[in-house]
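What follows is one structure encoded as C-alpha cells, with my remarks underneath.
A short reminder: the numbers here are calculations on the coordinates, not readings from a lab. As the structure is a prediction and not an experimental result, all values here were calculated from the model. Because the Cβ atoms are built from the backbone with ideal geometry, glycine has one as well, and the counts that use them run over all protein chains shown.
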Amino acid sequence: MIRPLHWTLIASFMVFVFGPSCSSSSESSQNQNPRLAPAQPNRTSELAQAMRDIDVELQSVMAVLSAGEEATDFRLTEHDFSKLQPTDSTMLVVGFQALSIAFSSHVSNFNRTPSKETYMAVVGGCVSCHQKACPGPLERIAKRRLPDALD
C-alpha cells in the first residue's frame, strides 16, 4: 500500500519533471510573476555592474517618490559610462558617447534637484541608450517608471 507521503513525493516529482513543458504561455500569467534573468555565467563588466548599481538606486528613489514623499535626501552615483569596460564591443554603438553624456547630465540634474521629473529624465536616459544598444533590459527599465509620471 502506498502511503500519503509517497503520493506527495510522486506528485512533486511529476510536477518537477513535466510541469515546465505544460506551462501556459498566456500574457496574463507572464505578467503576474515577473522574473529577473539569472546571474550571468561570465564575469560582470564594469559597465554592466555600474548599470546594476544605478538600477538599485533607482528602485530606492522610486519607492520614495511613489509613496508621495520627496527624494531630497537621495543622490544617484555619477558614472562616466564611456570610460567603463562593456561586456563586449557590440554595445559600443554609434552615438554611445553622446548617449553617455546625456545620461550623465540627467543624473547630475537629478542630484541637483531630486524630483519626479528629474527622476523620470534619468529613466528616459536609460531607455534612450538601451533602444540603440543592448535592448535586453528595456522591460526591467520600464518597471522604473513612476505610475503617475508625466511623459
* To do: Please turn the phi angles of the range 104-113 into ³J(HN,Hα) values with the Karplus equation 6.51 cos²θ - 1.76 cosθ + 1.60 (θ = phi - 60°), one per residue in order, whole Hz, x for glycine and proline.
  => 4, 5, 4, 5, 4, 4, 4, 5, 6, 9
* Structure fact -> Cross-link reach from Lys116 to lysines, straight Cα distance under 19 Å and at least 8 residues apart if same chain, gives Lys143
* Asked: Got a sec? Charge dipole of the range 36-151, +1 on Cβ for Lys and Arg, -1 for Asp and Glu; which of Ser108, Ala71, Leu138 is way out at the positive end?
  -> Leu138
* Structure fact -> The correct pair for the range 49-119, radius of gyration to one decimal and Dmax as a whole number, both in Å and from Cα atoms, is 13.5, 41
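Can you tell me how much longer the chain between Thr77 and Val93 gets when fully stretched, taken as 0.36 nm per residue apart minus their C-alpha distance, in nm with one decimal? The partial results should precede the final answer.
Working: separation 16, 0.36 × 16 = 5.76 nm, distance 2.35 nm.
Between Thr77 and Val93, full extension yields an extra 3.4 nm.
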* Residues Asn111 and Glu46, FRET efficiency given R0 of 25 Å [Cβ-Cβ distance, rounded to 0.05] -> 0.75
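Run the numbers on the range 46-142 and let me know its relative contact order in percent, using alpha-carbon pairs under 8 Å that are six or more apart.
Working: 85 pairs, mean separation 27.0, N = 97.
Relative contact order, the range 46-142: 28 percent.
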* lysines within cross-link reach of Lys83: Cα-Cα under 25 Å, excluding same-chain residues under 8 positions apart? -> Lys132
